[in-house]
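**Q** Sharing a structure with you now.
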Amino acid sequence: MESQQLNLDVISNNLANVNTTGFKKSKIEFQDLLYQNIRPAGADQGSGNQLPTGLQIGHGSKPVATSRVFTEGELTQTGQQMDIAVQGDGFFQVTMPDGTLAYTRDGALKTGADGKVTTSDGLPVQSGWQPIPTGTTSVSIAANGAVTTTGASGTQTFQVQLIRFANPAGLQSIGRNLYTETSASGTPESGTPGENGFGTLQQGYLEMSNVKVVEEMVNMIVAQRAYEVNSKAVQASDEMMQQSNNLRR
(Lines give C-alpha, C1' and ligand atoms only; values in the text may rest on other atoms or scores of the structure.)
Protein backbone atom coordinates (compact mmCIF):
# COMPACT_ATOMS: atom_id res chain seq x y z
CA MET A 1 0.00 0.00 0.00
CA GLU A 2 2.90 2.37 0.76
CA SER A 3 4.40 1.57 -2.66
CA GLN A 4 1.16 2.47 -4.42
CA GLN A 5 0.92 5.70 -2.42
CA LEU A 6 4.37 6.71 -3.70
CA ASN A 7 3.29 5.69 -7.20
CA LEU A 8 0.34 8.06 -6.91
CA ASP A 9 2.63 10.85 -5.69
CA VAL A 10 4.82 10.46 -8.81
CA ILE A 11 1.77 10.48 -11.09
CA SER A 12 0.41 13.58 -9.35
CA ASN A 13 3.70 15.41 -9.87
CA ASN A 14 3.65 14.51 -13.58
CA LEU A 15 0.11 15.84 -13.95
CA ALA A 16 0.97 19.02 -12.03
CA ASN A 17 3.72 19.77 -14.57
CA VAL A 18 1.75 19.03 -17.73
CA ASN A 19 2.26 22.67 -18.85
CA THR A 20 5.83 23.09 -17.57
CA THR A 21 8.25 23.98 -20.36
CA GLY A 22 10.82 21.24 -20.99
CA PHE A 23 9.54 19.05 -18.13
CA LYS A 24 10.36 15.34 -18.32
CA LYS A 25 7.99 12.92 -16.62
CA SER A 26 9.09 10.37 -14.04
CA LYS A 27 8.20 6.73 -13.69
CA ILE A 28 8.47 4.71 -10.50
CA GLU A 29 10.08 1.27 -10.49
CA PHE A 30 9.34 -1.52 -8.01
CA GLN A 31 11.03 -4.66 -6.72
CA ASP A 32 9.57 -7.57 -4.80
CA LEU A 33 10.75 -8.05 -1.23
CA LEU A 34 12.47 -11.04 0.39
CA TYR A 35 10.73 -14.40 0.36
CA GLN A 36 10.09 -16.82 3.20
CA ASN A 37 11.30 -20.24 2.02
CA ILE A 38 9.08 -22.87 3.64
CA ARG A 39 10.05 -25.73 1.30
CA PRO A 40 13.07 -25.00 -0.91
CA ALA A 41 13.02 -26.27 -4.47
CA GLY A 42 15.34 -29.23 -5.03
CA ALA A 43 15.11 -30.49 -1.44
CA ASP A 44 15.99 -34.17 -1.02
CA GLN A 45 12.87 -36.29 -0.36
CA GLY A 46 14.73 -39.56 0.04
CA SER A 47 15.52 -42.34 -2.43
CA GLY A 48 17.02 -39.76 -4.77
CA ASN A 49 13.77 -37.85 -5.15
CA GLN A 50 13.81 -34.04 -5.18
CA LEU A 51 11.08 -31.44 -4.89
CA PRO A 52 10.47 -30.03 -8.38
CA THR A 53 9.11 -26.79 -6.96
CA GLY A 54 9.40 -25.00 -3.64
CA LEU A 55 7.01 -23.19 -1.32
CA GLN A 56 7.76 -19.50 -0.94
CA ILE A 57 5.76 -16.66 0.60
CA GLY A 58 6.50 -13.14 -0.58
CA HIS A 59 6.37 -10.03 1.58
CA GLY A 60 5.20 -7.39 -0.85
CA SER A 61 7.01 -4.79 -2.95
CA LYS A 62 9.09 -1.68 -2.51
CA PRO A 63 9.92 1.29 -4.74
CA VAL A 64 13.57 1.40 -5.78
CA ALA A 65 13.80 4.24 -8.31
CA THR A 66 12.03 7.16 -9.93
CA SER A 67 13.70 7.55 -13.31
CA ARG A 68 13.19 10.43 -15.72
CA VAL A 69 11.83 9.65 -19.19
CA PHE A 70 13.71 11.89 -21.62
CA THR A 71 11.45 11.52 -24.62
CA GLU A 72 10.81 14.71 -26.55
CA GLY A 73 7.80 16.87 -25.80
CA GLU A 74 5.73 18.61 -28.44
CA LEU A 75 7.05 21.86 -29.89
CA THR A 76 4.80 24.88 -29.54
CA GLN A 77 5.30 27.93 -31.76
CA THR A 78 5.56 31.19 -29.83
CA GLY A 79 7.08 33.56 -32.39
CA GLN A 80 9.46 35.01 -29.77
CA GLN A 81 12.99 35.28 -31.14
CA MET A 82 14.59 34.22 -27.82
CA ASP A 83 12.37 31.15 -27.39
CA ILE A 84 14.47 28.15 -28.43
CA ALA A 85 13.52 24.48 -28.45
CA VAL A 86 16.05 21.66 -28.51
CA GLN A 87 14.91 19.06 -31.01
CA GLY A 88 16.85 15.96 -30.09
CA ASP A 89 19.57 15.30 -27.52
CA GLY A 90 21.03 18.18 -25.53
CA PHE A 91 20.71 20.68 -22.68
CA PHE A 92 21.40 24.35 -22.14
CA GLN A 93 24.11 24.99 -19.55
CA VAL A 94 23.52 27.69 -16.92
CA THR A 95 25.48 29.08 -13.98
CA MET A 96 23.90 28.94 -10.53
CA PRO A 97 24.30 31.81 -8.01
CA ASP A 98 26.97 29.80 -6.14
CA GLY A 99 29.00 29.34 -9.33
CA THR A 100 28.09 25.71 -9.95
CA LEU A 101 26.69 24.52 -13.27
CA ALA A 102 23.18 23.27 -13.97
CA TYR A 103 21.39 22.09 -17.09
CA THR A 104 17.94 22.68 -18.51
CA ARG A 105 15.71 21.94 -21.50
CA ASP A 106 13.70 25.12 -20.87
CA GLY A 107 14.50 27.36 -23.81
CA ALA A 108 12.43 30.38 -22.75
CA LEU A 109 15.53 32.61 -22.72
CA LYS A 110 15.62 36.29 -21.84
CA THR A 111 18.01 39.20 -22.41
CA GLY A 112 19.05 41.22 -19.35
CA ALA A 113 19.77 44.93 -19.13
CA ASP A 114 23.47 44.23 -19.76
CA GLY A 115 22.67 42.09 -22.79
CA LYS A 116 23.45 38.76 -21.10
CA VAL A 117 21.27 35.83 -22.13
CA THR A 118 19.59 34.28 -19.09
CA THR A 119 16.82 31.91 -18.08
CA SER A 120 13.50 33.17 -16.71
CA ASP A 121 15.13 33.12 -13.24
CA GLY A 122 18.00 35.31 -14.38
CA LEU A 123 20.60 32.52 -14.48
CA PRO A 124 23.26 33.22 -17.16
CA VAL A 125 23.31 30.76 -20.06
CA GLN A 126 26.78 29.42 -20.89
CA SER A 127 28.25 27.28 -23.72
CA GLY A 128 29.14 30.04 -26.13
CA TRP A 129 26.32 32.53 -25.53
CA GLN A 130 27.55 36.11 -25.90
CA PRO A 131 25.81 39.29 -24.67
CA ILE A 132 23.33 40.73 -27.14
CA PRO A 133 24.59 44.23 -28.12
CA THR A 134 22.53 47.26 -27.18
CA GLY A 135 20.38 48.44 -30.08
CA THR A 136 20.00 44.97 -31.61
CA THR A 137 16.90 44.85 -33.78
CA SER A 138 16.84 41.15 -34.63
CA VAL A 139 18.38 37.90 -33.44
CA SER A 140 18.57 34.94 -35.81
CA ILE A 141 19.39 31.52 -34.42
CA ALA A 142 20.16 28.75 -36.91
CA ALA A 143 19.51 25.07 -36.36
CA ASN A 144 23.26 24.47 -35.97
CA GLY A 145 23.59 27.04 -33.18
CA ALA A 146 24.94 29.96 -35.24
CA VAL A 147 23.55 33.16 -33.70
CA THR A 148 23.46 36.36 -35.79
CA THR A 149 22.54 39.71 -34.25
CA THR A 150 21.66 42.74 -36.36
CA GLY A 151 21.43 46.31 -35.08
CA ALA A 152 22.93 49.78 -35.01
CA SER A 153 26.38 48.36 -34.32
CA GLY A 154 26.21 46.14 -37.37
CA THR A 155 26.03 42.36 -37.70
CA GLN A 156 27.71 40.01 -35.27
CA THR A 157 27.85 36.21 -35.26
CA PHE A 158 28.79 33.69 -32.59
CA GLN A 159 28.39 29.93 -32.12
CA VAL A 160 26.55 28.30 -29.22
CA GLN A 161 26.76 24.68 -28.11
CA LEU A 162 24.66 22.08 -26.35
CA ILE A 163 25.52 19.72 -23.49
CA ARG A 164 24.63 16.04 -23.25
CA PHE A 165 25.22 13.15 -20.83
CA ALA A 166 25.81 9.44 -21.29
CA ASN A 167 22.98 8.71 -18.81
CA PRO A 168 20.59 11.68 -18.57
CA ALA A 169 18.26 9.62 -16.36
CA GLY A 170 21.00 9.82 -13.71
CA LEU A 171 20.79 13.62 -13.47
CA GLN A 172 19.48 15.07 -10.22
CA SER A 173 16.40 17.27 -10.45
CA ILE A 174 16.66 20.38 -8.27
CA GLY A 175 13.48 22.15 -9.37
CA ARG A 176 13.14 25.33 -11.45
CA ASN A 177 13.47 23.16 -14.60
CA LEU A 178 17.11 22.47 -13.69
CA TYR A 179 19.25 19.34 -13.40
CA THR A 180 22.69 18.86 -11.90
CA GLU A 181 25.43 16.39 -12.72
CA THR A 182 25.88 13.23 -10.64
CA SER A 183 28.33 10.35 -10.76
CA ALA A 184 25.55 8.26 -12.34
CA SER A 185 24.88 10.72 -15.18
CA GLY A 186 28.47 10.86 -16.35
CA THR A 187 30.46 13.95 -17.22
CA PRO A 188 28.97 16.65 -19.48
CA GLU A 189 29.94 16.59 -23.15
CA SER A 190 29.59 19.72 -25.26
CA GLY A 191 29.03 19.79 -29.00
CA THR A 192 27.68 21.74 -31.94
CA PRO A 193 23.92 21.36 -32.50
CA GLY A 194 23.18 18.99 -35.35
CA GLU A 195 26.56 17.24 -35.24
CA ASN A 196 27.62 13.90 -33.73
CA GLY A 197 24.15 13.06 -32.45
CA PHE A 198 23.40 16.41 -30.80
CA GLY A 199 19.94 17.89 -31.31
CA THR A 200 19.17 20.97 -33.35
CA LEU A 201 17.81 24.35 -32.25
CA GLN A 202 14.40 25.65 -33.31
CA GLN A 203 13.99 29.40 -32.90
CA GLY A 204 10.52 30.69 -32.05
CA TYR A 205 9.45 27.40 -30.47
CA LEU A 206 9.32 25.95 -26.95
CA GLU A 207 9.43 22.29 -25.99
CA MET A 208 6.44 21.45 -23.83
CA SER A 209 6.19 18.73 -21.20
CA ASN A 210 6.27 15.12 -22.41
CA VAL A 211 3.48 14.21 -19.95
CA LYS A 212 0.46 12.64 -21.64
CA VAL A 213 -2.62 13.36 -19.55
CA VAL A 214 -4.59 10.32 -20.72
CA GLU A 215 -1.68 7.97 -19.98
CA GLU A 216 -1.18 9.44 -16.50
CA MET A 217 -4.91 9.24 -15.74
CA VAL A 218 -4.92 5.55 -16.67
CA ASN A 219 -1.86 4.99 -14.49
CA MET A 220 -3.61 6.79 -11.64
CA ILE A 221 -6.66 4.53 -11.92
CA VAL A 222 -4.43 1.44 -11.92
CA ALA A 223 -2.54 2.71 -8.85
CA GLN A 224 -5.81 3.46 -7.09
CA ARG A 225 -7.18 -0.02 -7.79
CA ALA A 226 -3.93 -1.65 -6.71
CA TYR A 227 -4.08 0.29 -3.44
CA GLU A 228 -7.72 -0.72 -3.01
CA VAL A 229 -7.13 -4.44 -3.62
CA ASN A 230 -4.21 -4.44 -1.15
CA SER A 231 -6.41 -2.82 1.47
CA LYS A 232 -9.01 -5.52 0.77
CA ALA A 233 -6.34 -8.15 1.44
CA VAL A 234 -5.61 -6.54 4.83
CA GLN A 235 -9.33 -6.46 5.59
CA ALA A 236 -9.78 -10.10 4.56
CA SER A 237 -6.85 -11.16 6.76
CA ASP A 238 -8.40 -9.29 9.69
CA GLU A 239 -11.74 -11.00 9.14
CA MET A 240 -10.06 -14.43 9.01
CA MET A 241 -8.29 -13.71 12.30
CA GLN A 242 -11.61 -12.64 13.76
CA GLN A 243 -13.18 -15.93 12.73
CA SER A 244 -10.28 -17.82 14.35
CA ASN A 245 -10.71 -15.88 17.58
CA ASN A 246 -14.43 -16.67 17.65
CA LEU A 247 -13.96 -20.44 17.41
CA ARG A 248 -15.55 -22.44 20.24
CA ARG A 249 -14.74 -25.95 21.44
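**Q** Before we move on, is VAL86 under 30 Å from LEU109 (Cα atoms) and in a strand (DSSP E or B)? If you could, list the steps in order and put the result at the bottom.
**A** Working: under 30 Å from LEU109 (Cα atoms): yes; in a strand (DSSP E or B): yes.
In short, yes.
**Q** Also, quick follow-up: Among the residues that make up the stretch 160-174, is at least one of them over 25 Å from LYS24 (Cα atoms) and in a strand (DSSP E or B)?
**A** no
**Q** Let me ask something additional. Please work out which residue is surrounded by the fewest Cβ atoms within 10 Å (Cβ to Cβ), limiting yourself to the stretch 10-19 and to residues that are closer than 20 Å to GLY107 by Cα and within 12 Å of the chain's Cα centre (by Cα).
**A** ASN17
**Q** Looking at the stretch 53-66, I want the residues that are open to solvent by less than 60 Å² (accessible area, probe 1.4 Å) and in a loop (DSSP other than H, G, I, E, B) and have a partner that is among the hydrophobic types (A, V, I, L, M, F, W, C) and modelled with pLDDT under 90 with Cβ atoms under 8 Å, at least 6 apart or on another chain. Which pairs are those?
**A** Within 8 Å, the pairs are GLY54/ILE38; GLY54/ALA41; GLY54/ALA43.
**Q** If you don't mind, there's one more thing I want to ask. Test PHE30 against the criterion of being open to solvent by less than 70 Å² (accessible area, probe 1.4 Å), among the aromatic types (Phe, Trp, Tyr) and under 18 Å from the mean Cα position of the chain (by Cα), and give yes or no.
**A** When the stated conditions are applied, PHE30 does not pass them.
**Q** I need the full set of residues from the stretch 166-199 which are hydroxyl-bearing (Ser, Thr, Tyr) and over 15 Å from the mean Cα position of the chain (by Cα), in order please.
**A** So in the stretch 166-199, the residues hydroxyl-bearing (Ser, Thr, Tyr) come out as 173, 179-180, 182-183, 185, 187, 190, 192.
Hits for the stretch 166-199 are SER183, THR187, SER190, THR192.
This table checks each residue for (1) open to solvent by less than 60 Å² (accessible area, probe 1.4 Å); (2) modelled with pLDDT of 95 or more; (3) over 17 Å from SER173 (Cα atoms).
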| position | (1), (2), (3) |
| --- | --- |
| GLN80 | no, no, yes |
| ALA85 | yes, yes, yes |
| MET96 | yes, yes, no |
| ALA102 | yes, yes, no |
| ASP106 | yes, yes, no |
| ASP114 | no, no, yes |
| SER120 | no, no, yes |
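The values are calculated or read from the model by the stated rules, or taken from the named source; none is laboratory data. Quantities reported herein were computed from a predicted structural model and do not represent experimental measurements. FYI the Cβ positions are ideal-geometry reconstructions off the backbone, even for glycines, and counts take in every protein chain you see. Keep in mind that these areas ignore ligands, DNA and RNA; they rest on the heavy atoms of the full protein, side chains included. Shrake-Rupley method; radii C 1.70, N 1.55, O 1.52, S 1.80 Å.
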